[in-house]
Structure formats: C-alpha cells, structure tokens
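The values are calculated or read from the model by the stated rules, or taken from the named source; none is laboratory data. In this text the structure is predicted, and so the values were computed from the model without any measurement. Here the Cβ positions follow ideal geometry from the backbone for every residue, glycine too, while neighbour counts run over all protein chains shown. We work out accessible area using only protein heavy atoms, side chains counted, and drop any ligands, DNA or RNA first. Shrake-Rupley method; radii C 1.70, N 1.55, O 1.52, S 1.80 Å.
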Amino acid sequence: MMENKVFLSFIFYSTILILKMYVVAIITGQVRLRKKAFANPEDALRNGGMQFYRQDPDVERCRRAHRNDMENIFPFLFLGAIYSLLDPSPAVARIHFLIFCVGRIIHTIAYLLRLRAPTRSVAYSVAQLPCFSMALQILLATTPYW
Amino acid sequence: MMENKVFLSFIFYSTILILKMYVVAIITGQVRLRKKAFANPEDALRNGGMQFYRQDPDVERCRRAHRNDMENIFPFLFLGAIYSLLDPSPAVARIHFLIFCVGRIIHTIAYLLRLRAPTRSVAYSVAQLPCFSMALQILLATTPYW
Amino acid sequence: MMENKVFLSFIFYSTILILKMYVVAIITGQVRLRKKAFANPEDALRNGGMQFYRQDPDVERCRRAHRNDMENIFPFLFLGAIYSLLDPSPAVARIHFLIFCVGRIIHTIAYLLRLRAPTRSVAYSVAQLPCFSMALQILLATTPYW
C-alpha cells in the first residue's frame, strides 16, 4: 500500500483535511473563550461564573461546520482508501482527491466567514461529486461479493 | 486485500451504508427547504427571509438519524475492515455484515418514518451485535500486542 | 499488515476506544430512561407520555462526550493506521497510542463525572499531541505525492 502512489496521494489530502478539522476545533475553543460561552457548568465556573454557561451563535456556527466535516470527510477517508486500491488512473484519482479537498476547505471558509449563500452549499455539493463517483466505482467492483 | 473475498464483501456493505448516509443528508436538505427551516442566517436570507432562520422538529429528526449513523456506522468501517483481515469464515463474516447493514437501514427507516417504539431501538441493538462480536474477536487477536 | 506489530498494537488501542464509545452510548440510553428525557415523541409515548419528550442536562452531557469522541477518536483511527505503515519505532509508536488511549479515557471520565475544569481540557489536549505528531509524520512522508 505504501508503494501505491494513488494511495499516498490520498493519504496526503486526507491528512490535510484532518488537520483542517483540528483547526476548526481550536477555533471553536477560541470563540468560546472570546465570547464567554461554555457548554459545561464546570468550564463556565473556571472562566468567570455560571452566567457564561450558555449558547452563542458564533460557537454554534463553528460546531455546525465541524459536524458537517464529520458527516463528509470521515466517509471520504473510507471511500478514498478503497478507491485507491482499485488501481485507478493516477491522474483521475488525483483530480477526485483534489476536488474534494479544495471543496471542503472552501466549505469551511464559507461557513466560518459566513459567505453569502449559496457559496457553502455549492462547495459541499462539488465536494460530494468525487465521493459519489468513488462510491459507485467501488460498488461496481464489489457487487459480485455481496 | 482486494483478493480477500471477506474484505470485498465488507466493502460492498460499507459503501451501501455510506450511500445511505448521503441519502439522509439529501433528505435533510429537502426537509429544510420544504419546511423553510435553516440553520444559518445566510441560508434563510436566500430562501425568503430571517424568519426562516429557525429549528424544525422534522429537520431535527433527520439530524438525529444522521448523527446516530455517525456514532455507529463509522466504527463499523473500522471494525469490519480489521475483522476481515483476521481470516474469519466467509459465511459467518457475511452474516455479521448483513445483520449490521439491514439493521442500520431499518433504523433509518424507523427514524424518518417515526415508526412506533421500540422498532428503532431494536434495529439499533440488533445492528450492534455484530459490532460487539467483531470487537471482541479483534481484542482476542491483538491483546498480546497491547 | 497483520504481521506488523505496530499495526496490531494500534488495532488493540483503537478497539478499546471504540468499545469505550459504545459504553458512552449505553450510558446515554440509561440516563435517558432514568431521567425520563427522550429525543423522540415515539420514545416518550412508550415511556410514560409526551411530557417526557424533553431535553435533560445530564443526557446532553453524555451526548457532548460522545460527540467529542467522534471528533477525535475517528481521526485517530485513520492517522494511527497510516502511521503504523510508516515503519515507526515500535516503542515510540506504542507511546503515541497509549497516550491517546489514556487521554481519551480520562476525557470521558472527566466529562461524565463532571470533574473540575481544566481536567477534561487537559486530557483532550494531551491526547491531541500524538495525533498532531502522527499527522505531521504522515505529511512529511507523503508530501511528494500531493
């Protein structure tokens, strides 16, 4: 597997996206501290008092971005790995990974910077195209084994 | 790995379930548009105005179904892959994957169509049985390497 | 892969953490029953009536712990698997996995037992260290293949 260049390319883009998710988590924590809005009483108590045990729209926005990442990037980690083992054209495979990676980064930027609709939805939809493509190719290759 | 028939069978069922999750995401978006209930102000503004920046019980139901999928299908993607490499009986392995796959599809149907309790919980519990079985077999095989 | 001792060690810790997540799910269900707080009308109807279709802070706490697990343990399942294939020192690799595993178990305990801040945050941060370390090593190894 570690000599399969398509797989190594997939790993590169996947790791970039996981680090991107970690950045969203860090931003969420920073927004919590700046807006003083904590999900747990023990956190609020440590940061000024129970009045800061509350929700905040900016924090919720970060959490929605993070959740949408989980819904979409985690399945990519599976589909991309299997697709890489199907011996695809390296150039075509790289286009799949690149479109997904760029689409998800734009999705996060559009979410956090609240870009005008439908920027975020378009980024989401474009990033789903390589996922559907990979899923269908995997199904075609494995249907005999159901 | 791509010559291991158990692994190929696992891939088939996993990809079906990932596509099923994508369908839940698409349904969520459709329900948001139909009920006019958007999670972001920018989406509401594009779809009629800020009064549609609101929650809706049908949307929340879709989101709970999707989240439950993440809690359970993603671990299966890991456990099933490793279990496939443990050289299990192909027939027994296929029963594991089939029970999980059917259980999760029924779980989604029960959630979205609000079937009477405990249909959904039973589907969830039955789908967890092969997961626990695979997890225990993996632990037995790898405990010497802790 | 199944003869790679680092990979087998990774599998062991990962499976422990997946079982830990299943335990959080079971606890959530138990707290729902004990506090009589159900996310779905059909569940409430089966358990005493629509007045129990409601949120509860203890249930929400369990759900936050579970979600944080998804945000962090699922990426570890990917990073740890790839890192294991990079031929790392077995002793160093095991330290990575052990720190993550212990950190995440303490995180869950701190969350569910509402230990005083910043116990939970420290456990989270310590568990992220091996993840960043693995992600950077993977990037270094795969950057030529972007």
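Restricted to the range A:25-42, and to residues there that are within 11 Å of chain C (Cβ to nearest Cβ), open to solvent by less than 70 Å² (accessible area, probe 1.4 Å) and part of a helix (DSSP H, G or I), the residue that is nearest to residue C:69 (Cα to Cα) is A:25.
Pull up the range A:12-21, narrow it to residues that are among the aliphatic types (A, V, I, L, M) and under 12 Å from residue A:76 (Cβ atoms), then point me to the one that is most open to solvent (accessible area, probe 1.4 Å). Taking the candidates together, the pick is A:16. Here is the figure for the range A:96-120: residues that are within 12 Å of chain B (Cβ to nearest Cβ), under 16 Å from residue A:62 (Cα atoms) and either touching a strand residue (DSSP E or B) at 6+ places or on another chain (Cβ under 9 Å) or open to solvent by less than 70 Å² (accessible area, probe 1.4 Å) (or both) total 5. Among the residues of the range A:1-11, those identified as open to solvent by less than 40 Å² (accessible area, probe 1.4 Å) and without any contact (Cβ under 8 Å) to a residue 12 or more places away in the chain are A:8, A:11. Before we move on, is residue A:107 touching a helix residue (DSSP H, G or I) at 6+ places or on another chain (Cβ under 9 Å), assigned to a helix (DSSP H, G or I) and more than 28 Å from residue B:13 (Cα to Cα)? So residue A:107 passes the test. Name the residue that is nearest to the chain's Cα centre (by Cα), counting only residues in the range A:59-86 that are crowded, with 16+ Cβ neighbours inside 10 Å and among the basic types (Lys, Arg). The qualifying residue nearest to the chain's Cα centre (by Cα) is A:67.
Within the range B:65-75, is even one residue among the small types (Gly, Ala, Ser), within 13 Å of chain A (Cβ to nearest Cβ) and part of a loop (DSSP other than H, G, I, E, B)? Within the range B:65-75, none of the residues are among the small types (Gly, Ala, Ser), within 13 Å of chain A (Cβ to nearest Cβ) and part of a loop (DSSP other than H, G, I, E, B).
If only residues of the range A:43-58 that are in contact with a Phe, Trp or Tyr (Cβ under 9 Å, 6 or more places away or on another chain) and in a helix (DSSP H, G or I) are counted, the one that is least open to solvent (accessible area, probe 1.4 Å) is A:44.
For residue A:89, the conditions (1) among the polar types (S, T, N, Q); (2) in contact (Cβ under 8 Å) with a residue 12 or more places away in the chain; (3) surrounded by fewer than 18 Cβ atoms within 10 Å (Cβ to Cβ) are fulfilled apart from (2). Residue check: is residue A:31 at pLDDT 95 or above and touching a Ser or Thr at 6+ places or on another chain (Cβ under 7 Å)? Against the criterion (at pLDDT 95 or above and touching a Ser or Thr at 6+ places or on another chain (Cβ under 7 Å)), residue A:31 does not qualify.
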